[in-house]
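See below for the structure under consideration.
The values are calculated or read from the model by the stated rules, or taken from the named source; none is laboratory data. Everything quoted here is computed from the prediction, not taken from an experiment. Every residue, glycine as well, gets a Cβ built from its backbone with ideal geometry; the counts of neighbours run over all protein chains shown.
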Ligand SMILES: C[S@@+](CC[C@H](N)C(=O)[O-])C[C@H]1O[C@@H](n2cnc3c(N)ncnc32)[C@H](O)[C@@H]1O
């Protein structure tokens, strides 16, 4: 197992200001190489290369593959897949911290693709699990990427976002439009309690998810995000635990260091 980098070094790989121009990318590599050298000095040895997939890294057994064949992937997943040379294990959380080769494309990729597509990376298993709960109302739909994929597989979905035209984001990020996302917020939920409620990466430390859950009088909440992480609030999860039962959870392909998944909750009264 690769030892942790010394305190203060972790996180430096994340390229928050990368401009995607050749000079920016070159600079990032230079910084990364300098960091690797520093880590090697600190550890008194050459910084180890990523473990092979057959090594002890997986504790002797690899996890099951979760992704569909490449030709069936949605464009977002296919783009992520190509960033890691088509290696599914490299877009599974545990592998990433040591797969230094992939850190650069992944850090650039997340920055770019979150705004092009969505915060969570869709895979077929998740889309199929969600589709079973059609009709659906989504709040905080962003670019509408998930809604567009769901709609393509026949799901009846209405999507809302407080800023469907992306007015709140900095100009650097052009958000694409994949679906006809309507302007709306948590108040939109009350009119659609005959639908399952879908929340994908509801904003962190804001009441939106909690307010949606409270307004919602239907049976099923489909939540994608991090429990104990960067989505929603404690009140939201407390409310879910009190009023809903976790029926299922589906693993998703994830970005470096994240642990978002799909959680399917059913109201305890139903
Ligand atoms: C982290 S982004 C996730 C967007 C999208 N679900 C995705 O996965 O790409 C959170 C989204 O919630 C929207 N949002 C924030 N507060 C909201 C509110 N009160 N009602 C509706 N949407 C809201 C933001 O505009 C943003 O698009």
Fill in: Candidates 218, 257, filtered to the one that is assigned to a loop (DSSP other than H, G, I, E, B), under 16 Å from the mean Cα position of the chain (by Cα) and either more than 14 Å from the ligand (Cβ to nearest atom) or modelled with pLDDT of 95 or more (or both)
257
Practice prompt. Could you tell me which residue of region 224-234 is modelled with the lowest pLDDT, considering only residues that are farther than 12 Å from residue 212 by Cβ and not in a strand (DSSP E or B)?
Written response: 228
Discussion item. Just to be sure before I move on: is residue 66 modelled with pLDDT of 90 or more and either outside any helix (DSSP H, G or I) or surrounded by 21 or more Cβ atoms within 10 Å (Cβ to Cβ) (or both) in the structure I sent?
Written reply: no
Response to the item:
Expected output for region 199-218 (first residue in the same structural domain as residue 143 (by TED's automatic domain parsing), partner assigned to a helix (DSSP H, G or I) and within 6 Å of the ligand (Cβ to nearest atom), Cβ below 7 Å, 6+ apart or cross-chain) is 202/208; 208/186; 211/186; 212/186; 215/186
Worksheet item: For region 147-159, how many residues meet the condition of being within 16 Å of residue 224 (Cβ to Cβ) and either away from the ligand (no atom under 11 Å from the Cβ) or touching a helix residue (DSSP H, G or I) at 6+ places or on another chain (Cβ under 8 Å) (or both)?
Response: 6
Worksheet item: Which one is nearest to residue 156 (Cα to Cα), of the residues in region 182-204 that are within 11 Å of the ligand (Cβ to nearest atom) and surrounded by fewer than 20 Cβ atoms within 10 Å (Cβ to Cβ)?
Response: 182
Item to complete: Take region 116-145 and flag every residue that is more than 22 Å from residue 207 (Cα to Cα) and within 11 Å of the ligand (Cβ to nearest atom).
Response: 116, 117, 121, 122, 145
Fill in: Sole exception among (1) assigned to a loop (DSSP other than H, G, I, E, B); (2) free of Cβ contacts under 8 Å to residues at least 40 places away in the same chain; (3) away from the ligand (no atom under 12 Å from the Cβ) for residue 246, by number
(1)
